[in-house]
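What follows is one structure encoded as structure tokens, with my remarks underneath.
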């Protein structure tokens, strides 16, 4: 188990179980504020897909830690609407967005062979998982916007989970859809332009269909995650 220091009093930070005991009773805003008492910003990784539910966490982070970089994995296969939405939120919230691009040769192969049709797992690995790997290695904790109500896998996650050599931090894991909708409405946050066209969850253009929740992702396949949030990893 990796150990972490507490920045406030320079004592050894709690282990994974203690972190969950401390953070679980907090609300999502308190969790984010407290995170930076244990980890300096340079050790915190924050990624966003700029999908249908991304504005919630992006707005929170921009208010609580406005200097926090936001990494966006640009697979080169995103909907034009997603890229426009990214620009809209970045401008409105004053975000420091860092684009993460896949290896040019591997990306070209996936495009030429249309791997998303016959081997979507490899396509995700080449264009999402591998590009983020060296960036993850430079950080200690990874902020994620996963919510328990989204999928069966996500319903079993805690506020903190160990994933390989990095700690996953899920400040929104236990909020329900009503809380999400209230926050979006109260702060008048813009919605993804494809939502009104029936898209509940949005990833790459080739592997995203209309559907409620995540039902439109990899439709017809057993695949439900791109590999960034693997079960048991």
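The values are calculated or read from the model by the stated rules, or taken from the named source; none is laboratory data. None of the values given here were measured: they were computed from a predicted structure. Positions of Cβ are backbone-derived with ideal geometry, glycine not excepted, and every protein chain shown enters the neighbour counts.
Listing for the model above:
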quantity: Qualifying residue in the range 6-18 (condition: surrounded by 13 or more Cβ atoms within 10 Å (Cβ to Cβ) and either assigned to a helix (DSSP H, G or I) or at pLDDT 95 or above (or both)); calculated: yes
quantity: Criterion violated by residue 138 - all others in (1) part of a helix (DSSP H, G or I); (2) more than 29 Å from residue 188 (Cβ to Cβ); (3) at pLDDT 95 or above; (4) in contact with a strand residue (DSSP E or B) (Cβ under 9 Å, 6 or more places away or on another chain) satisfied; calculated: (1)
quantity: Residue in the range 189-197 that is touching a strand residue (DSSP E or B) at 6+ places or on another chain (Cβ under 6 Å), in a loop (DSSP other than H, G, I, E, B) and modelled with pLDDT of 70 or more present; calculated: no
quantity: Any hit, the range 155-165, residues being in contact with a strand residue (DSSP E or B) (Cβ under 8 Å, 6 or more places away or on another chain) and exposed (fewer than 15 other Cβ atoms within 10 Å of the Cβ); calculated: yes
quantity: Hits in the range 74-101 (condition: in contact with a helix residue (DSSP H, G or I) (Cβ under 7 Å, 6 or more places away or on another chain) and either free of Cβ contacts under 8 Å to residues at least 24 places away in the same chain or closer than 15 Å to residue 145 by Cα (or both)); calculated: none
quantity: Among (1) at pLDDT 95 or above; (2) touching a helix residue (DSSP H, G or I) at 6+ places or on another chain (Cβ under 9 Å); (3) within 19 Å of residue 169 (Cβ to Cβ) - the single one residue 41 does not satisfy; calculated: (2)
quantity: Which listed residue, of 82, 122, 75, is surrounded by 14 or more Cβ atoms within 10 Å (Cβ to Cβ) and not in a helix (DSSP H, G or I); calculated: 75
quantity: Residue in the range 114-121 that is modelled with pLDDT of 95 or more and either more than 17 Å from the chain's Cα centre (by Cα) or farther than 21 Å from residue 202 by Cα (or both) present; calculated: no
quantity: Residue count, the range 99-116 (criterion: loosely packed, with under 13 Cβ neighbours inside 10 Å and closer than 26 Å to residue 41 by Cβ); calculated: 1
quantity: Residue satisfying all of: in the range 125-135; crowded, with 17+ Cβ neighbours inside 10 Å and in contact with a strand residue (DSSP E or B) (Cβ under 8 Å, 6 or more places away or on another chain); nearest to residue 167 (Cα to Cα) among these; calculated: 132
quantity: Looking only at the range 37-57, and only at residues there that are closer than 22 Å to residue 140 by Cβ and in contact with a strand residue (DSSP E or B) (Cβ under 7 Å, 6 or more places away or on another chain), the one that is surrounded by the fewest Cβ atoms within 10 Å (Cβ to Cβ); calculated: 43
